[in-house]
Amino acid sequence: MSNSDEDNHTYPTLEGGRVQRIMRALELTQGVEIARRYLAMNAFDGALTMMGLILGGLLTINPAIPDQAHLQFDAILLAAAGTSIAMAISGFSGSYLTESAERDREVEEIGKAMLSDMSDSMYAKASKTTSVVVALIDGSSPAIAAFIIIIPLFFVPSGILGYRMAFYFAIGICLALLFALGLFLGSVSKKNIWSYGAKTLFAGIMTAILMVIVSYITGAVG
């Protein structure tokens, strides 16, 4: 029996549509659990990062000096957008390199255990697919979470929202997103979803409280 026949007998095939092939690859390599962890963990990181930036702007921009306030807001908006992009690129590249290295090592160890070359096996192909999917989720989840939170800030330059109101809306979106992530984690764990929601919401509130304390200690309050 050839290696190809053994692969088809041992592992499920990756035939069918693209989505079906990707889902089978994730199931074969236990990528669903990994992707789910990255989704929640990195979206949480992205949300809290934006919370810090937004609170920094809200606390430091001085409305008594309009021209200066305008420049400070532009700097905060650019920093928030730039951070979102950086998180996406960093998350994708770092995760892809890490997952690829781990998957290649795993395939090589399986090959040694089976005394055969697994580099062109169905499992190796599924591992490559999993590495790409996990990297995409790792990179996109914090960036998407961050972008959703800063959407109100983009209405300030056109005059639709004042910068303070935009910050308040952004903070509200951030807290709502953190609570939703908690509910998601609760549903995954099959435990009390409201308890998980309260925990992630509490993390956001604690971030806000610590930011205020640090701002007053450093004298950075506008």
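Details
- Sequence-distant contacts, meaning Cα pairs under 8 Å at least 6 residues apart, place the relative contact order of the range 31-139 at 37 percent.
- The calculated pair-distance distribution of the range 30-147 uses every alpha carbon pair, bins of 5 angstrom beginning at 0, and gives 2, 12, 16, 15, 12, 10, 8, 7, 5, 4, 3, 2, 1, 1, 0 percent.
- Overall form of the range 39-87: oblate. Here a/c, set by the Cα gyration tensor axes a ≥ b ≥ c, is 1.5 or more, and a/b is not larger than b/c.
- Translational diffusion coefficient (Stokes-Einstein; Kirkwood radius from C-alpha pairs) of the range 105-222 at 10 °C, 1.306 mPa s, in µm²/s: 87 µm²/s
Read-outs throughout are calculated quantities, based only on the coordinates presented, and are distinct from any laboratory measurement. Note that the structure is predicted; figures quoted are calculated from it, not measured.
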